[in-house]
Amino acid sequence: MASIFTRIVNGEIPAAKLYEDAQTLAFLDVSPASHGHTLVICKQELPTLLDLPPDLLFAVARTVQLVARAITAALQPDGLNILQNNGAASGQTVAHYHVHIIPRWKGDHALNHWKPGTITPDELRDLATTISARMGVEDAA
Ligand code: AMP
């Protein structure tokens, strides 16, 4: 069954569209974390970051930048979060690759989920070593 985002791409359900090109579509999130919260999707229905070929990743990133500039010009936020969930455990609820653009204003507390003090400098170093040893791996499996 097609994802809800594919149904938006196909015009079967409405969305507040901001931008569209051959490979990507940007529209406002229906349950926004902040004013102007936007989703940029890859039109092709691929579940996560791990599934996208580089050209589609680039296309989405380019649209994220274009739309982020327009949001900044229109709404003048103090900053923007770019957020992207992969897999149900991460909070992904729509298994169709998308990037969140979340405009932020000082003191809005829209996203307060970082956890300071939960990892030591040694643990950080070890983790960086473990991950960087896998750089260049094409298939994460
Ligand atoms: P995620 O949790 O990263 O999978 O994000 C999915 C997002 O899609 C959520 O922020 C939802 O609010 C949003 N969403 C779900 N259905 C729609 C829809 N029909 N139009 C716009 N946004 C939607």
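Brief remarks follow.
- Counting only lysines at least 8 places from K115 when in the same chain, those with an alpha carbon closer than 24 Å to its own are K106.
- Surface share of carbon and sulfur [accessible, 1.4 angstrom probe, percent] for segment 4-115: 58
- Considering only alpha-carbon pairs that sit under 8 angstrom and 6 or more positions apart, the relative contact order computed for segment 44-118 is 36 percent.
- Under the criterion of Cα pairs below 8 Å and six or more residues apart, the relative contact order for the chain equals 24 percent.
- If you sort the three axes of the alpha carbon gyration tensor as a ≥ b ≥ c, you get a/c of 1.5 or more for the chain and a/b no higher than b/c, which makes it oblate.
- Heavy-atom surface of the chain, accessible at 1.4 Å and reported per residue (Å²): 64
- A Cβ-based charge dipole, computed about the Cα centre of the chain with Lys and Arg at +1 and Asp and Glu at -1, lands at about 380 debye.
- Under the Debye formula (equal points on every Cα, no solvent term), log10 I(q)/I(0) of segment 72-141 at q = 0.14, 0.20 Å⁻¹: -0.76, -1.12
- Cross-link reach list, lysines versus K17, counting only Cα pairs under 25 Å and skipping chain neighbours closer than eight places: K43
- In the chain, the calculated helix contribution to ellipticity at 222 nm averages -9000 deg cm²/dmol per residue, counting -39,500 (n - 2.57) for every DSSP H run with n ≥ 4.
- Taking GluC sites (Glu not before Pro) in DSSP loop conformation with at most 13 other Cβ atoms inside 10 Å as exposed sites, the chain has its longest uninterrupted site-free stretch at 13-137.
- Restricting the chymotrypsin sites (Phe, Trp or Tyr not before Pro) of segment 8-84 to loop positions (DSSP other than H, G, I, E, B) with no more than 16 neighbouring Cβ atoms within 10 Å leaves nothing.
- The chain: most fluctuating residue of V40, V30, V60 per GNM, C-alpha cutoff 10 Å: V30
The values are calculated or read from the model by the stated rules, or taken from the named source; none is laboratory data. Predicted, not measured: the structure shown is a model, and the values here were computed from it. Heads up, the Cβs are rebuilt from the backbone with ideal geometry, glycines too, and the neighbour counts pull from every protein chain shown. Protein only, heavy atoms only, side chains kept; ligands, DNA and RNA dropped before computing areas. Shrake-Rupley method; radii C 1.70, N 1.55, O 1.52, S 1.80 Å.
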